[in-house]
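Readers should treat all values here as calculations from the given coordinates under stated rules, not as data from a laboratory. Note that the structure is a prediction, hence the values are computed from the model and not measured. For neighbour counting, all protein chains shown are included, and Cβ atoms are generated from backbone atoms with ideal geometry for every residue, glycine included.
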Amino acid sequence: MTLIESPVVTIESGGVRGTVEDGVAAFRGIPYAASPVGGRRFAAPVPHPAWPGVRDADRPGPSVPQGPSRLEAVMGPRTPDWDEDGCLTLNVWTPRPPADGSAPGALPVLVWFHGGGFTSGSGGWDWYDGRHLAAAGRAVVVTANYRLGPLGYLYLPDLGIENLGVQDQAAVLAWVRRNIAAFGGDPGSLTVGGQSAGAFSALYLAVSPTTGPLVDRVITQSGPFGLAPQDPEEAGDHARRFLGLLGLDGVRDRGAALRAVPADRLLAAYQQLSRDVARPGSVAPPMYPVLGAPGIPETWQQAVVDGRLDGKGLLTGTTRNEMTSFFAFDPRIREITADRARSIAAGRADGGDERYDRLAARRPDATPADILTEFETGLVFRDGTLAIADRHAAAGNPTYVYRFDRAPVPDPAGLGAAHCVELPFFFDTFDAYPDSPMLGEATTAVRSLGDTFSRAIAAFVATGRPAADQWHPYEPADPATVRCFG
């Protein structure tokens, strides 16, 4: 195959015809698993059936069923584009497809999973277009959908319904292993990455006994590592409450009944459950990966101590003001009193009230909302990120840590460097965020920072070392070795 206007690649299921954009071949909406509809709803993923001839791969597949993102006010709105039928797809960008399928000089591969709190998002959205990243690093970039909300994380283990979204992600890695050589990629040089829920996913994929051996490098962006995998007892309780909201708690054949409920009704019940179980200060969704279910045999803390991440390159980081994305537009937080904020901190962690007091003492002019936001940024995102980096670097593994500091100008909501702000810089996709308060105006300086950040990431995928001035390997507990962008 040559890089022509409509390149065709043959994979295990048949031919796919892509497009060429900026010198990079793009293949969008490739099914990696059978549609999760009918009898396959709430079932583990299986390979997609073969198709005759050549399938057009010039546009993304639909998103998986989902409600509105809770971060629309920060990132900007999306037009709903979900459809349960045909939603398990992935997208591939490659700067050098092989002419004969043999992949001479095969390129390194990045498989990247979107965030969205295990409740929203799509690998097919233009926010995550991989062509610039692929070109910058001479790498093959893959993004993918995985089931979300109740369709991905409902926990009914007696029916085999558990961590289906995690199983989808594992199926993506298996598909890449079998097929990526056809796009010029090297299945033996695989980086798995993601942001937020996708970072949580990437880490657990990298330390899993099943998928870990496939992974050479890991990128985690704003991983919520302060959020433990969901406890099976809590997951079971939320499943029972969800069935009750659907009127199915007394049904004999729950599996058949669930498969018969329209997807929009499942989403409505999930939104009600989210409201019912919400707790002040917590960003945990009602359903997300469950400990002990497929793909999550142990916590990341245990896996890292056991050395399951050893030998893999790690690039990890956070934004400076992660929790403003969740708190800046929440009147319950903006108007909170110091006593109430301190009480929430005390209930969130052992010694949380004392930590809150220390933060408040360092910032005497800050509001209680600002102190609680900083407290939660550390507890949910930064502490775990640095703990993983500390252990990984101390064990002699290549480790690189960043903090993204760039805030929008102007910044009327006081977002600072909010959760998700580095995404347009990572993918160099500024034009996909025209109404994004977290980004503001994409000036020449902003785009230059994006070029620097994106190229640094691309180099890590290709070589294991980020290409950016003064980004040195991380030294445990040494803030001077954290590379700040902004």
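Given Cα pairs under 8 Å that are at least 6 residues apart, what percent is the relative contact order of the chain?
That works out to 16 percent.
Given 10 Å bins starting at zero, what is the percent of C-alpha pairs of the stretch 1-148 in each, up to the one with the largest pair distance?
Using 10 Å bins, I get a P(r) of 12, 39, 34, 14, 1 for the stretch 1-148.
Please grab the % of Cα pairs in the stretch 359-486 that end up more than 25 Å from each other.
For the stretch 359-486, the fraction of Cα-Cα distances above 25 Å is 34 percent.
Considering only Val305, Ala349, Phe426, whose Cα is most displaced toward the positive end of the charge dipole of the chain, charges sitting on Cβ of Lys, Arg (+1) and Asp, Glu (-1)?
Comparing the listed Cα positions along the dipole, Val305 ranks first.
What dipole magnitude, in Debye to the nearest 20, does the stretch 140-275 give about its Cα centre under +1 on Lys/Arg Cβ and -1 on Asp/Glu Cβ?
That gives a dipole near 320 debye.
Just want the answer: with Cβ charges of +1 for Lys and Arg and -1 for Asp and Glu, which residue in Ala135, Trp175, Val92 is farthest toward the dipole's positive end in the stretch 85-184?
Checking the options against the dipole of the stretch 85-184, the answer is Ala135.
Please report, largest first and rounded to whole Å, the three semi-axes of the ellipsoid equivalent to the stretch 295-352, where each semi-axis is the square root of five times an eigenvalue of the C-alpha gyration tensor.
34, 17, 10
For the stretch 266-331, what class follows from the C-alpha gyration tensor (a ≥ b ≥ c being the square roots of its eigenvalues): rounded when a/c is under 1.5, otherwise prolate if a/b is larger than b/c, else oblate?
oblate
Could you give the DSSP H helices of the chain that reach 27 angstrom or more along their long axis (alpha carbon positions) and whose average Kyte-Doolittle hydropathy is no lower than 1.0?
none
So for the stretch 243-294, Kirkwood radius off the Cα pairs, Stokes-Einstein at 20 °C and 1.002 mPa s: how many µm² s⁻¹?
For the chosen part, D equals 169 µm²/s.
Express in whole angstrom the spacing between the alpha-carbon centres of the stretch 279-356 and the stretch 383-408.
Comparing the Cα centres of the stretch 279-356 and the stretch 383-408, I get a distance of 16 Å.
Going by the alpha-carbon gyration tensor, a ≥ b ≥ c the square roots of its eigenvalues, is the stretch 27-77 rounded (a/c under 1.5) or, if a/c is not under 1.5, prolate (a/b greater than b/c) versus oblate?
Oblate, because a/c is 1.5 or more while a/b does not exceed b/c.
For the stretch 62-162, what is the charge dipole size about the Cα centre, in debye to the nearest 20, if Lys and Arg each add +1 at the Cβ and Asp and Glu each add -1 at the Cβ?
About 460 debye.
Helix-only estimate, please: 222 nm mean residue ellipticity of the chain, summing -39500 (n - 2.57) across DSSP H runs of length 4 or more and dividing by its residues, to the nearest 500.
Computed mean residue ellipticity for the chain: -9500 deg cm²/dmol.
Using modelled backbone amide H atoms (1.01 Å from N, in-plane), which distant-in-sequence or interchain residues come within less than 5 Å of Gly193's amide H?
Excluding prolines and chain starts, which carry no amide H, the hits are Val111, Trp112, Phe113, Ile219.
How big is the Kirkwood radius of the stretch 424-486, worked out from every pair of different alpha carbons and given in Å to one decimal?
12.9
Starting from the Cα gyration tensor of the stretch 191-315, take the square roots of the eigenvalues, sort them a ≥ b ≥ c, and report rounded, prolate or oblate (rounded when a/c is under 1.5, otherwise prolate if a/b is larger than b/c, else oblate).
Prolate is the answer for the stretch 191-315, as a/c is 1.5 or above and a/b outweighs b/c.
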